[in-house]
1. Nearest 10 degrees, 0 to 90: what angle lies between the long axis of helix 113-137 and the longest principal axis of the chain (Cα atoms)?
2. Using a Förster distance of 30 Å, how high is the FRET efficiency between residue 94 and residue 56, based on the Cβ-Cβ distance and rounded to 0.05?
3. Based on DSSP H runs of at least 4 residues, each adding -39500 (n - 2.57), what is the mean residue ellipticity at 222 nm of the chain after dividing by all its residues, to the nearest 500 deg cm²/dmol?
4. Take the alpha carbon atoms of the stretch 39-75, find their center, do the same for the stretch 129-143, and report the distance between the two centers in whole angstrom.
5. Can you tell me, using C-alpha contacts under 8 Å and at least 6 residues apart, the relative contact order of the chain as a whole percent?
6. Once you place label points 7 Å from the Cα toward the Cβ at residue 118 and residue 140, how far apart are they in nm?
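Values quoted throughout were computed directly from the atomic coordinates according to the rules given, and no laboratory measurement underlies them. Computed from a prediction, not measured in an experiment: that's the story for all the values here. Neighbour counts run over all protein chains shown; Cβ positions are idealised from the backbone, glycine included.
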């Protein structure tokens with residue numbers, strides 16, 4: 001059984017702007033986490049915070065290919081670590097970017113696997129919609145509005 005979660009969206013901005021929105025700690029708070037401890041770079045452990053939920057967690061940045069790819073692991077507690085691969089593909093004379101998020105490593109034998117997959121898919125769709133709203137229209141107040 002394939003337990004990967006895959007989500008894709010087109011953003012009407014160049015790949016460089018999409019990439020910087022994710023890796024730059026000054027920008028990530030406009031659409032995703034409230035803060036990032038530092039710029040995302042290969043080999044770094046970055047602490048991400050959700051002030052609204054009084055939560056934080058670390059990611060391990062495994063690979064960075066500027067303006068093209070970001071790979072990190074997260075959720076390492078209780079044997080639940082997953083790998084997230086974000087790829088950026090620039091289209092149309094560098095004014096449109098397809099962003100794709102693939103999360104792998106969800107355990108097929110986990111009795112909550114379907115619920116986890118649905119939750120992760122929901123989260124990635126929401127994050128990408130917030131990113132699109134931020135980059136295309138300057139909307140900064142959508143993040144942290146998803147209610148579970």
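1. In the chain, helix 113-137 runs at an angle near 10 degrees to the longest axis.
2. On the way: r = 35 Å, r/R0 = 1.17.
The value I calculate is 0.30.
3. -7500 deg cm²/dmol
4. Using only Cα atoms, the two centres lie 20 Å from each other.
5. With pairs under 8 Å counted, the relative contact order is 29 percent.
6. About 3.5 nm separates the two model spin labels.
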